[in-house]
Amino acid sequence: NRVTPERTAAAAKLVKKGISHPLGIVIEPGMPAYPPRYTQLQVVQPNQQFNADLGVGWEASSNDDVLQMWLGTGPQLDGLGHMGEAGEFYNCNQGKDFSIITGLTKLDISGIPPMVGRGVMIDIAKQMGVDSLQAGQPITSNDIKAAMKSQGVTVGEGDVVLLHTGYTDATLKQNPSLWAGSIPGITNEASVFLAGLKPMAVGADTWGLGAVPPRAGDKIFYDHVVLLKQHGIYILETMNTGRLADESVHEFMFVLGQARLKGAVQMIINPVAMW
């Protein structure tokens, strides 16, 4: 409901230099993920294994691939059917009524329209004077407000808000087990603050958005409940924000057209930032 023709047209005017940047990190088979998630890729040559006669009248050679993975792995979009509380999801939908093994019958990602709008990057690492936040380090609403003020960032209704912590750039390759087990992230009250800005989506360069483990007194992953269930705001995880931070790109056009897999809860994505 927050994607309007007027906001889309306004976002297009943010492209001044003609630069585009992939916001999805590279996905690799075997890359670490929150347990029990995994990624496996097999490349096959069905019925031919090269040099075999495929009966097409010429010496055809080809590869195909089979992918086995959890869609909540790597750069991803969390749909509104991903997380609720006490069996209830967005708009009072009961999980027992729409969650079946063959796919969601409501709130699946195939119904999400193209996300095109103004994106903003809030550099939390810069605000805290570091290249990367530490594992489990909380990000409060005051931290976000201070970063917005010092970096001249404003958030309007329907925007896409991305938080840069530097954590994936600093940790994924260097210490994959730490990266998969603990992340810096927003506190429960920070998720309430962000929801109040009425964005289309909120994301970060970490796999969970909220701090893991959570700050004392907070509920783990409850930021998902606040954003998805209570406010209908999508979540973007493991976003590739490093270049935006390096070049101080705080405002850009955001474009995402996810694969429309009927019944899917989440989807691997590669949004594009343009400025």
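Just for the range 11-32: of the residues that are surrounded by 15 or more Cβ atoms within 10 Å (Cβ to Cβ) and in contact with a strand residue (DSSP E or B) (Cβ under 7 Å, 6 or more places away or on another chain), which one is farthest from Val161 (Cα to Cα)? Applying the filter and picking the extreme gives Met31.
Applying a threshold of 9 Å to beta carbon distances and a minimum spacing of six or more residues, or different chains, the list of pairs starting in the range 52-74 at a residue that is under 26 Å from Val265 (Cα atoms) and surrounded by 10 or more Cβ atoms within 10 Å (Cβ to Cβ) and ending at one that is among the acidic types (Asp, Glu) and at pLDDT 85 or above reads Gly72/Asp78; Gly72/Glu237; Gly74/Glu28; Gly74/Glu237. Restricting attention to the range 50-100, the residues being under 17 Å from Gly263 (Cα atoms) and among the acidic types (Asp, Glu) number 2.
Output the residues belonging to the range 84-126 that are closer than 24 Å to Ile220 by Cα and surrounded by fewer than 19 Cβ atoms within 10 Å (Cβ to Cβ). Glu85, Ala86, Gly87, Glu88, Asn91, Cys92, Gln94, Gly95, Lys96, listed by residue number. Scanning the range 33-45 for residues that are free of Cβ contacts under 8 Å to residues at least 24 places away in the same chain, touching a strand residue (DSSP E or B) at 6+ places or on another chain (Cβ under 6 Å) and surrounded by 10 or more Cβ atoms within 10 Å (Cβ to Cβ) yields a single hit, Val44.
Of Thr206, Thr238, all but one fail to be buried (at least 24 other Cβ atoms within 10 Å of the Cβ), in the same structural domain as Leu80 (by TED's automatic domain parsing) and on the phi > 0 side of the Ramachandran plot; the exception is Thr238. Report the residue count in the range 77-97 for those that are farther than 10 Å from Val225 by Cα and either in a helix (DSSP H, G or I) or without any contact (Cβ under 8 Å) to a residue 40 or more places away in the chain (or both). Qualifying residue count for the region: 9.
If the condition is being surrounded by fewer than 17 Cβ atoms within 10 Å (Cβ to Cβ) and of a type outside the set (Ser, Thr, Tyr), then the range 170-188 contributes Lys173, Gln174, Asn175, Pro176, Leu178, Gly181. Residue pairs whose Cβ atoms lie under 6 Å apart, sitting 6 or more positions apart in sequence or on different chains, and linking a residue in the range 163-187 that is touching a residue at least 40 places away in the same chain (Cβ under 8 Å) to a partner that is part of a helix (DSSP H, G or I) and among the charged types (D, E, K, R), are Ile186/Asp223. Among the residues of the range 34-75, those that are of a type in the set (Asp, Glu) and either over 30 Å from Thr206 (Cα atoms) or outside any strand (DSSP E or B) (or both) comprise Asp53, Glu59, Asp64. Given the conditions (1) in contact with a His (Cβ under 9 Å, 6 or more places away or on another chain); (2) modelled with pLDDT of 95 or more; (3) of a type outside the set (A, V, I, L, M), which single one is not true for His21? Unmet condition: (1). Before we move on, is Met115 touching a residue at least 24 places away in the same chain (Cβ under 8 Å) and either hydrophobic (A, V, I, L, M, F, W, C) or within 23 Å of Phe252 (Cβ to Cβ) (or both)? The answer is yes for Met115.
The values are calculated or read from the model by the stated rules, or taken from the named source; none is laboratory data. Nothing here was measured: the structure is a model prediction, and the numbers come from that model. Methodologically, a virtual Cβ is constructed for each residue, glycine included, from the backbone with ideal geometry; neighbour enumeration extends over all protein chains shown.
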